[in-house]
1. Starting from the Cα-Cα distance between LYS75 and LEU355, subtract it from 0.36 nm times their residue separation and give me the gain in nm to one decimal.
2. Roughly what % antiparallel, to the nearest 5, for the DSSP beta bridges in the stretch 23-156?
3. Taking 0.36 nm per residue of separation and subtracting the Cα-Cα distance, what length does fully extending ARG37 through GLU98 add?
4. What ranking of TRP229, TRP73 emerges when the number of other C-beta atoms within 10 Å of each C-beta is taken as an exposure proxy, fewest first?
5. Does anything in the stretch 145-173 have its amide N under 18 Å from the 7 Å Cα→Cβ label point of ASP334, and if so which residues?
6. Name the residue from VAL373, ASN213, LEU198 whose Cα lies farthest towards the positive end of the charge dipole of the stretch 171-374, charges +1 on Cβ of Lys and Arg and -1 on Cβ of Asp and Glu.
7. Using a 10 Å cut-off around each Cβ, can you sort HIS294, HIS183, HIS42, HIS329 from fewest to most neighbouring Cβ atoms?
8. Given the DSSP H assignment, sum -39500 (n - 2.57) over each helix run of at least 4 residues in the chain and divide by its residue total; what's the result at 222 nm in deg cm²/dmol, nearest 500?
Amino acid sequence: MRVRCLLACVLSSCFCFSQVPESGVTAPVRILVRPERPLIEHRGPIQFLNFDFILENSGARPLHLNRLNISVWDKSGKLILRRELDENGHPSGMSMIERDVSARGRIGIFNPFYTFGPEIKPAKMTYRFFFNDPGYQTATPLDYQYYAEVSVVPEDYADKTILSLPLLQRTIIFDGHDFYAHHRRQDPASADVIRLKLKGNPVRYGYDFCPVNEQGEMYKGSPYRKENWYGYGAPIYADASGTVAGVANDVPENDFQGKEVAYADIPESEIYKIMGGNYVVLDHGNGEFSYFGHMKTGSVGVKIGDKVSAGQKIGELGFAGDAFIPHLHYMLMDNADILQAEGLPSYFVNFRRLLGGEVEDVTLGQVDSGDIVDAQQK
């Protein structure tokens, strides 16, 4: 009987899941969207929506989130697409989401419907969240007791600054900002975010650049010696012209002790240095700011107020700050202060995407986790 019920639910999901809620009551849940105006990022024809929800339960009882859906509307208010995510499956897609909201508590959720094809042109998106009391036994995935919803109006963002890759040699994006990347997965409801009073997620569109050899290897010999990393000491170049708005050059580097990272002793009050080590922030004069982090101690060749030209060397790749391998952390932001900033999509000009035996010349494009690129055109 259970199998029959589930099969019927699967076969009829396109119909029964698309209806306006017919039961349940409004949940005592406030839904916040971060950032409030999500940005659409492009990679070729594919669109990415990288944003988060905070669910705040103002009620006196805990709630269990058992389902959510999205309705996408065009400019005329007509439905383009509706998708569901529920607890059907073993494990279900909901297993990646924190689903229990304590009384007077909050949880963060990363937008699970994060990619659309070129045929989808979202003018507005409505998200519905369905809840039950803990221990409530749902008859089918359709069953719920409470619901809450929020509408989101995304913005198609185009960079104001013409950006070039900050490293010239062959480089792998060790971690970018795809759905599984750690830059993407910064819980807006976490105690650390609240403690730091972060306005947004400055690393939302961040990259960790690691230079590699022709075989794609990031280091030779043992990885537990920083000098063995091909990128260690590599020159870092300004991605565009700008004015230096932030800098640190005296942060001691980390090192390895066996397989452990021995982090440099940095005072707790020096939060910018703890996070980025030696870093440079460039103000491009148009509301966009570039950030270069984890640089080699003493290598930074600019100071606050300096005018920097595109392609100018600003430092060297190092192993300082919150890093467990030598790499360059790069990101584009809307504020010079990372505690007040929100990340912005970044598109680079005139680079090569290395695809095994093939090379794709990119005039303007995005890079992300796993990509192997260099800044040299054929």
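1. On the way: separation 280, 0.36 × 280 = 100.80 nm, distance 3.79 nm.
Stretched fully, the LYS75-LEU355 segment lengthens by 97.0 nm.
2. Numbers: 43 of 47 bridges.
Of all bridge pairs located within the stretch 23-156, approximately 90 percent are antiparallel.
3. On the way: separation 61, 0.36 × 61 = 21.96 nm, distance 2.31 nm.
Contour length minus the Cα-Cα distance gives 19.6 nm.
4. Ordered by Cβ neighbours within 10 Å, fewest first: TRP73, TRP229.
5. 151-161
6. LEU198
7. On the way: HIS294 28, HIS183 22, HIS42 17, HIS329 25.
Placing the least packed residue first, the sequence is HIS42, HIS183, HIS329, HIS294.
8. Values: 4 runs with 26 residues, N = 378.
Taken over the chain, the calculation gives -1500 deg cm²/dmol.
Throughout, read-outs are computed from the coordinates displayed, never taken from laboratory work. For clarity, every value in this text was computed on a predicted model and none was experimentally measured. Note that each Cβ is placed from the backbone with ideal geometry, even for glycine, and that neighbours are counted across all protein chains shown.
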